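Novice: Let me give you the structure first, and then I'll get to my questions.
A short reminder: the numbers here are calculations on the coordinates, not readings from a lab. Predicted model only: the values in this text are computed from it and were never measured. Cβ sites come from the backbone with ideal geometry, for glycine too, and all protein chains shown count toward neighbours.
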Amino acid sequence: MSRIANTFEKLKSEGRKALIPYITAGYPFAAITPTLMHAMVEAGSNVIELGVPFSDPMADGPTVQKAGDRAIANGVGLKQVLAYVREFRQKNQTTPVVLMGYANPVERYDQVHGEHAFVEHAADAGVDGVLVVDYPPEECEEFSARLRARDMDLICLLAPTSTEERMQQVARVASGYVYYVSLKGVTGSGALDISSVESMLPRIRKHVDIPVGVGFGIRDAATAQAIGRVSDAVVIGSRIIELLDGQPHEKIAPLTIDFLRGVRKALDA
């Protein structure tokens, strides 16, 4: 059983929901990512989503795009992201880490380092799951199998526009958890309609028997609490990036801890 599956099983037995923060690796400073990951765990996070910087992130809004641009300017690419995970694992062997990004960096990594090098190197670094936004599930059976062979999970996206057929395709290849994108649009956009999430999740669960996390549009503890009542996990990204924008190095971890502790408290209430 993967670290992600173990984490969700433990939370289920405790009657709790997973808190999954997202941060772009290498933002806002190149070397701060492992420290920030530990801060997220200290604040009560259960899984960490680590964004792989990419120059053309089609699903990301201005906030995450800006963070990616900053990280790229800081010299951070997939090789550095894996190094951050290895550093994190020196002190933490239990909290799952999911890499979230796009096909181009993954495929470029394999071109440079050899066929299937990304999967092997990610596993060796201590990665637990991979979410490639522009990999359609119907083309992911081989990739999913390679990940599972190394005890990693393929995290797939579903959206308000997802059909029953798409849910079935995702169910065939996904493991760990499914990420439900609660809004039509990019990260950080729009106002979250909680009632539409409530109506969509039973449809997803008819086809998907792994946990369902909800992200996009969750910006505060109250919204996280409302979403946590109907989902298995809450994903928060853009709001964290906004909080850290322009902050000095010494305030990054304390601000993150303060914000996420508030969300954790609301989820557990």
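Novice: If you place +1 on the Cβ of every Lys and Arg, -1 on the Cβ of every Asp and Glu, and leave all else neutral, what size is the dipole of the chain about its Cα centre, to the nearest 20 Debye?
Specialist: 740 debye
Novice: Suppose every K and R has +1 on its Cβ and every D and E has -1 on its Cβ; what is the size of the dipole of the stretch 28-183 about the Cα centre, in Debye to the nearest 20?
Specialist: I would put it at about 540 debye.
Novice: Taking only DSSP H segments of four or more residues, each worth -39500 (n - 2.57), what value at 222 nm results for the chain once the sum is divided by all its residues, to the nearest 500 deg cm²/dmol? Could you put the intermediate results ahead of the total?
Specialist: Working: 12 runs with 132 residues, N = 269.
Value at 222 nm, helices only: -15000 deg cm²/dmol.
Novice: Right, here's the next one. Check Leu158: other-chain or 5+ apart residues with amide H under 5 Å from its amide H, H built from backbone geometry?
Specialist: Under 5 Å from the amide H of Leu158 lie the amide H atoms of Tyr179, Tyr180, Val181, each far enough along the sequence or on another chain.
Novice: Give the separation of the Cα centroids, the stretch 217-269 to the stretch 1-29, in Å.
Specialist: Here the answer is 13 Å between Cα centres.
Novice: Hey, fewest Cβ within 10 Å first, where do Thr94, Thr33, Thr7, Thr161 land in order?
Specialist: If I rank by nearby Cβ atoms, fewest first, I get Thr161, Thr94, Thr7, Thr33.
Novice: Considering amide H positions built from the backbone, and no H for Pro or chain starts, which residues 5 or more places from Gly217, or on another chain, come under 5 Å of its amide H?
Specialist: So Gly217 has HN proximity to Gly188, Ser189.
Novice: Inverting the mean 1/r over all pairs of different Cα atoms, compute the Kirkwood radius of the chain and quote it in Å.
Specialist: Hydrodynamic radius (Kirkwood, Cα pairs) of the chain is 18.3 Å.
Novice: Given a Förster radius of 30 Å and the C-beta distance between Asp134 and Ala269 as r, what FRET efficiency does 1/(1 + (r/R0)^6) yield to the nearest 0.05?
Specialist: So the FRET efficiency works out to roughly 0.20.
Novice: Ordered by packing density, taken as the mean number of other Cβ atoms within 10 Å over each peptide's residues, highest first, how do 36-44, 255-263 rank?
Specialist: Averaged packing, sorted descending, gives the order 36-44, 255-263.
Novice: Could I ask something else about it? Only four residue types carry charge here, +1 at the Cβ of Lys and Arg and -1 at the Cβ of Asp and Glu. Report the dipole size of the stretch 1-97 about the Cα centre in Debye, rounded to the nearest 20.
Specialist: Values: 11 positive and 8 negative charges, 59 e Å.
Value, rounded to 20: 280 debye.
Novice: In the chain, if the dipole is taken from +1 on Lys/Arg beta carbons and -1 on Asp/Glu beta carbons about the Cα centre, which of Asn104, Leu154, Pro254 is farthest to the positive end?
Specialist: Positive-most Cα among the choices belongs to Pro254.
Novice: Which FRET efficiency, nearest 0.05, do Arg150 and Lys12 yield, Cβ-Cβ r, R0 35 Å?
Specialist: Details: r = 25 Å, r/R0 = 0.70.
The value I calculate is 0.90.
Novice: Grab the alpha carbons of the stretch 29-148, take their convex hull, and tell me the volume per residue in Å³.
Specialist: Expressed per residue, the convex hull around the Cα atoms of the stretch 29-148 is 113 Å³.
Novice: Work from the charge dipole of the stretch 3-268 (Cβ charges, +1 for Lys and Arg, -1 for Asp and Glu, about the Cα centre) and give the residue of Ala224, Leu244, Phe88 farthest towards its positive end.
Specialist: With unit charges placed on the Cβ atoms, the residue in question is Ala224.
Novice: Calculate the spin-label point distance for Glu242 paired with Asp209, positioning each point 7 Å from the Cα along the beta-carbon direction, and give it in nanometres.
Specialist: Label-label distance for Asp209 and Glu242, simple model: 4.0 nm.
Novice: Separate question: Given a Förster distance of 25 angstrom, what is the FRET efficiency for Asn104 paired with Glu141, based on the Cβ-Cβ distance and rounded to 0.05? Working shown, then result.
Specialist: Numbers: r = 21 Å, r/R0 = 0.83.
Efficiency at R0 = 25 Å is approximately 0.75.
Novice: Say we join alpha carbon atoms closer than 10 Å with springs in a Gaussian network model of the chain; which of Ser182, Ser196, Ser144 then has the biggest fluctuation?
Specialist: Fluctuation is largest for Ser196.
Novice: Sticking with this one: In nm, to one decimal, how far is the Ile72 label point from the Glu120 one, both placed 7 Å along Cα→Cβ?
Specialist: Using points 7 Å along Cα→Cβ, the separation is 2.9 nm.
Novice: So for the stretch 116-269, considering every pair of alpha-carbon atoms, how many percent are separated by more than 20 Å? Mind showing how you got there, number by number?
Specialist: Details: 6510 of 11781 pairs.
Here the tail beyond 20 Å accounts for 55 percent of pairs.
Novice: Okay, moving on. Quick one: 3J(HN,Hα) in Hz for the stretch 88-100, Karplus 6.51/-1.76/1.60 with θ = phi - 60°, rounded, Gly and Pro as x.
Specialist: 4, 5, 5, 10, 9, 10, 10, 7, x, 10, 10, 8, 10
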